[in-house]
Amino acid sequence: MSNSSVAAVEAARPAQKREWGIVALPVLVVLVAAFGVLMVYSASYYAAEKQFGDAFYFMKKQLVGFILGIVALLAAGFFPYRNLKKLKWPALIVSLVLLAAVFVPGLGVENYGATRWIGLGPITIQPSEIAKFGFIIFAAAYASEKPERMKKFTGMLPVLAAGGGICLLIILEPNMSVTMVVGLLMVAMLFLSGVKIKHFLIILLPIALAVPVLIVMEPYRLQRLYAFLDPWSSPQGEGYQLIQSLYALGNGSWLGTGLFNSMQKYRYLPFAESDFILAVIGEEFGYIGIILLFLVFGAIIFCGIRTAARCKDMFGFLTASGITAVYAIQVVINALVVSGSIPPTGLPLPLISSGNTSLIITMAAMGVLYNISRGGKGLREKKSE
Amino acid sequence: MRPLDRVAGGADFFMQKTSAFFEVNRIRKKSHTPAAGASATLLRKRLFAVSMAVVFLFLLIFGRFFVVQIVQGEKLRCRAIGQWTREIPVVAARGKIEDRNGTVLADNSASYSVFVRPNAVKDSNATASALASLFGLDGAALAEKLESTRVSELTIARHVDKSLTEELEKYDLPGVYYARDNTRVYPYGQALSRVLGFTSTDNTGLTGIEKYYDKYLAGMDGEIAYPADLVGVEVEGEAVYLPATDGLTVRTTVDYGIQAVAEAALERVYEQYSPVSAQCVVLDPNNFDVLAMAEYPGYDLNDIPRDDPELLNDLSRNDIVSDIYEPGSTFKIVTAAANIEEHLRGNPSAFSLQYVFNSSRTRTVDGTTIKCWSNHANGKHCSQTLAEALNNSCNPCFTDIALALGTETFYDYLEAFNFGKVTGIDFSGEAQGMLVPESSVRACDLARIGFGQTVAVTALQLACAAAAAVNGGYYYQPRLVSGIYAEDGSIAEEIPTVLKNRTVSEEASRILASLLEGVVESGSGNKAYIEGYKIGGKTGTAQKFENGAIAQGKYVSSFLGFFPSDAPQYLALVIVDEPQGAYYGSVVAAPAAKEIFQGIIDLKGIAPYENK
């Protein structure tokens, strides 16, 4: 019987290790998030002092998110992840409802010409951050219920529909970059849930075609594309953001200017504490600092892949893969944007950029990942199942 | 039973490893049951593929950051530095202008400009009221401006005294700065005004030496660069001080003592004869250094009529270099020099010093009649030699010389004396005069050129030609500046004396000088005679042309003199434009030249000539 074989495997492994799972994962996540709090302060204290009269304005908010994030990480880390499977539909419906709520007048908060937040009193949350993980739970649960249906084109359509629906609502905000993240996440999850390559290509093609259409649809995206191709042609216009990011990185050189010594934070670099915080890190710690930071990011991703690879059930495998993928996708896109390798889009660097919804949710997701590495044990469960 | 087990056939679902990259779990190797779902092997392969994609993207990122931070880093940083700082100018002190003995003719008084950075101001009202009281501004308007302006820097006051900046220091106002800006000061006001020229309010030379030597005088402005944020608010960090390079000192050839003497003489003439202007140039005939270049009326360089551009243009024009006039009899020096030289060379057409010219008052050339200015009645201008012709300034004799030498020979001398072309003096706007081209000159033109008509010259051209006739026959390029000096007195650049060409031989020159000495001793130039000194000279009185016709009653009276005549050290040309009351050069100009020579004798303590 298969149950007995699971027990046999468990027994064969050192009990201690199974109990604790990959401890490096939560440790690295907390360290990176703590570094994020420090960098948010370094990147924002000057602007915060000038704008709000409080140098710690952004740092305090980030600190709150950091503490709540640790709580969420621990809670998720000791919450048996398999229970999440039951949340398949709630996760999807909550995600969609929250995304739709953005468009409800009075609830939606507009900023920089886009409605991406829900305002509940003093708290603003970003539904798209939640939706990413809602989608992972739904897709993992759906695919693992009956893996064979993923081999059929019609069988994988619900995953496609869920992902497409979420993408649609996000693109309406509009938020091109998160749409891209969810789209890539969907592609990765379909790929990892074992769809046939033929089917995979059939869905990949329209997505690839959708990107240029979406770009041409909004004139500002086209302008950003031009600005990306030659930022120096409009140094005070569309090219400004990218140029300032490159200035920061260039100023960093090998070893950087040192902590708190960024020149670009003096209001030259917009969104220095959020989407472009990597530029400030590159300026203050140089190329060496960037390499070390990305080795840490790589270690987190490696832990995630290892967790997925070691997982014995498909739901855990797909959830771990999805969480790792969404993290990796955001890290990669953010780095490519900051270094001017792809057209600028507003995407935070997960765990580091200021923004509490993203921070808390990402840390919670990392908690889930950690739980999967622990074999899905809850807090009081003993090593014998 | 769990769905997974049902599908993938048990716990071995994920046991097989595609790569050592993943943890190896070598419990058992069970043949997987290929059910409807994807095999574990396939999914692991796919996970491995995704991992490789991540690795690839990370390497791409490393490469990309290397390019931006290391390869392009320096270039980006250089571009960025410009935006990180706000600069306060440090104005270079403009170089001085000195006379040949080091007397300062143009200097600077230290003054300051006061600026405000509205962004850096803490309290607009207090700042505005303090600035308003110090610099006499409207406080309310300034406060309003500080609040509303989008300019990053406002200039509050320029050319402010040091004492005011000291007052300003006491207020210790954030956002308020001052920097040195220099006010040009001319210690002698009106002296040499048309030569020195003046500067714009931002210390750029606009006319005269100030303009011509601006590149040496200007220096290089420096700056203080403060690190600042996007909107110009000063931030932490060190200010970079880039010192200004002060301008260099321009040493002129002018002798201020002689200049002052000349200006006094011209002022006296101006008072007496109310001419349009009175001009004088004093040259050192041995190298054509300009020792004095004066024109009356001038203007006070410390109080320039900037709001009357027409007047300013008129007053700042250096007529000695830029204006041309018909010289009249002073030109006979050149004709005489040509004749003497040609005679010495054995040209049979030239007249010897003993030759007696025809006493007739008139000459008829090409059917036109040329008359002497004198009526030749009662034995005047009778049976003259060249010496006497010069003494009397008899026109027909010089007509005879010009015609006798012929166009080709005579034009060779006009060429050697550099008529019809610029002298090359270091001054902007030099006129080249007017000379009928050799190819189209008629005999009647040639006849008139002989005594200084049908030819137009600048005063400087004539003075140089005369100097080149009496100094042994050397034509130099005249100069106003002898060198450029650094602050420590070391020479930065020398303006050399340039010998352009020879004119006549030493012997011819000596003969001419002695003849001209006779003109002052016993001829028309006797009002320039100073007892005990060998002074040579020639008077000139020319009628003015206006619109192509002789302007009745308008004359240019002039006198060209030099001394000592056997070894000339000083040569002066005095020109009085449209004198009232009297008009003969001998009456109007010669006494002024005498005053100048007397002044030089007194100034230099030149002892009288002693007969051996």
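If you go through the stretch B:347-358 one residue at a time, do you hit one that is under 28 Å from B:Leu460 (Cβ atoms) and buried (at least 19 other Cβ atoms within 10 Å of the Cβ)? No: zero hits. The set of residues in the stretch B:194-237 that are in contact with a helix residue (DSSP H, G or I) (Cβ under 6 Å, 6 or more places away or on another chain), closer than 30 Å to B:Ser277 by Cα and of a type in the set (A, V, I, L, M) comprises B:Val195, B:Leu196, B:Ile209. Considering only residues in the stretch B:499-536 that are surrounded by fewer than 20 Cβ atoms within 10 Å (Cβ to Cβ) and without any contact (Cβ under 8 Å) to a residue 60 or more places away in the chain, the one that is farthest from B:Pro608 (Cα to Cα) turns out to be B:Leu499.
When the stretch B:116-155 is limited to residues that are touching a Phe, Trp or Tyr at 6+ places or on another chain (Cβ under 6 Å) and not in a helix (DSSP H, G or I), the one that is farthest from B:Val91 (Cα to Cα) turns out to be B:Glu153.
In the stretch B:147-195, the residue that is modelled with the highest pLDDT out of those that are of a type in the set (Ser, Thr, Tyr), surrounded by fewer than 19 Cβ atoms within 10 Å (Cβ to Cβ) and over 17 Å from B:Gly136 (Cα atoms) is B:Ser148. One residue stands out in the stretch B:573-601 among those that are over 29 Å from the mean Cα position of the chain (by Cα) and more than 14 Å from B:Ala528 (Cβ to Cβ): the one that is surrounded by the most Cβ atoms within 10 Å (Cβ to Cβ), namely B:Pro579. Among (1) closer than 18 Å to A:Pro348 by Cβ; (2) surrounded by fewer than 18 Cβ atoms within 10 Å (Cβ to Cβ), where does A:Ala48 come up short? If we test A:Ala48 against (1) closer than 18 Å to A:Pro348 by Cβ; (2) surrounded by fewer than 18 Cβ atoms within 10 Å (Cβ to Cβ), just (2) comes out false. The set of residues from the stretch A:286-330 being more than 9 Å from every other protein chain (Cβ to nearest Cβ) and of a type in the set (Phe, Trp, Tyr) comprises just one member, A:Tyr327.
Each row is one residue, and each column tells you yes or no for (1) among the small types (Gly, Ala, Ser); (2) in contact with a His (Cβ under 6 Å, 6 or more places away or on another chain); (3) farther than 30 Å from B:Ala486 by Cα.
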residue: B:Arg150; (1), (2), (3): no, no, yes
residue: B:Leu168; (1), (2), (3): no, no, yes
residue: B:Pro174; (1), (2), (3): no, no, yes
residue: B:Val195; (1), (2), (3): no, no, no
residue: B:Asp202; (1), (2), (3): no, no, no
residue: B:Lys215; (1), (2), (3): no, no, no
residue: B:Gly219; (1), (2), (3): yes, no, no
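Kindly indicate the residue of the stretch B:445-475 that is more than 14 Å from B:Gly328 (Cα to Cα) and surrounded by fewer than 24 Cβ atoms within 10 Å (Cβ to Cβ) and also farthest from the chain's Cα centre (by Cα) among those meeting that condition. My answer is B:Gly472. Scanning the stretch A:315-343 for residues that are part of a loop (DSSP other than H, G, I, E, B) and buried (at least 24 other Cβ atoms within 10 Å of the Cβ) yields one hit, A:Ser339. Scanning for something more than 14 Å from chain A (Cβ to nearest Cβ) and in a strand (DSSP E or B), does the stretch B:252-272 turn up at least one residue? Looking for residues that are more than 14 Å from chain A (Cβ to nearest Cβ) and in a strand (DSSP E or B), one finds at least one in the stretch B:252-272, hence yes. I need the full set of residues from the stretch B:108-134 which are surrounded by fewer than 16 Cβ atoms within 10 Å (Cβ to Cβ) and in contact with a strand residue (DSSP E or B) (Cβ under 9 Å, 6 or more places away or on another chain), in order please. Hits for the stretch B:108-134 are B:Ser109, B:Ala110. Of all the criteria given as (1) farther than 30 Å from A:Ala143 by Cβ; (2) free of Cβ contacts under 8 Å to residues at least 60 places away in the same chain; (3) in contact with a helix residue (DSSP H, G or I) (Cβ under 9 Å, 6 or more places away or on another chain), the one not satisfied by A:Asp230 is (3). A search for C-beta distances below 8 Å between a residue of the stretch B:62-81 that is facing chain A (nearest Cβ under 7 Å) and any residue that is surrounded by fewer than 16 Cβ atoms within 10 Å (Cβ to Cβ) and not in a helix (DSSP H, G or I), counting only pairs 6+ apart in sequence or on different chains, returns B:Gln69/A:Trp254; B:Ile70/A:Trp254.
For B:Ser113, the conditions (1) among the small types (Gly, Ala, Ser); (2) part of a strand (DSSP E or B); (3) touching a helix residue (DSSP H, G or I) at 6+ places or on another chain (Cβ under 8 Å) are fulfilled apart from (3). Could you say whether any residue in the stretch B:46-61 is surrounded by 15 or more Cβ atoms within 10 Å (Cβ to Cβ) and not in a helix (DSSP H, G or I)? Within the stretch B:46-61, not a single residue is surrounded by 15 or more Cβ atoms within 10 Å (Cβ to Cβ) and not in a helix (DSSP H, G or I). Annotation for the stretch A:181-200: no member residue is away from chain B (no Cβ under 14 Å) and in contact with a strand residue (DSSP E or B) (Cβ under 6 Å, 6 or more places away or on another chain). Residues that are surrounded by 18 or more Cβ atoms within 10 Å (Cβ to Cβ), away from every other protein chain (no Cβ under 14 Å) and outside any loop (DSSP other than H, G, I, E, B) within the stretch B:217-242 comprise B:Leu217, B:Gly222, B:Glu223, listed in sequence order. Got at least one residue in the stretch B:412-426 being touching a strand residue (DSSP E or B) at 6+ places or on another chain (Cβ under 9 Å), part of a helix (DSSP H, G or I) and in contact (Cβ under 8 Å) with a residue 60 or more places away in the chain? Within the stretch B:412-426, one or more residues are touching a strand residue (DSSP E or B) at 6+ places or on another chain (Cβ under 9 Å), part of a helix (DSSP H, G or I) and in contact (Cβ under 8 Å) with a residue 60 or more places away in the chain. One residue stands out among those in the stretch A:344-359 that are within 22 Å of A:Pro231 (Cβ to Cβ) and polar (S, T, N, Q): the one that is surrounded by the most Cβ atoms within 10 Å (Cβ to Cβ), which is A:Ser353. Right, A:Ser245: within 27 Å of the chain's Cα centre (by Cα) and at pLDDT 85 or above or not? Yes, satisfied.
Here is the figure for the stretch A:141-186: residues that are more than 16 Å from A:Glu129 (Cβ to Cβ), hydroxyl-bearing (Ser, Thr, Tyr) and without any contact (Cβ under 8 Å) to a residue 60 or more places away in the chain total 2. Is it the case that the stretch B:326-340 has a residue that's assigned to a loop (DSSP other than H, G, I, E, B), more than 30 Å from B:Tyr212 (Cβ to Cβ) and out of contact with any Lys or Arg (no Cβ under 9 Å at 6 or more places or on another chain)? No, that holds for no residue.
The values are calculated or read from the model by the stated rules, or taken from the named source; none is laboratory data. Everything numeric here is computed off the predicted structure, so don't read it as measured data. A quick note on method: Cβ atoms are made from the backbone with ideal geometry, for glycine too, and the neighbour counts reach across all protein chains shown.
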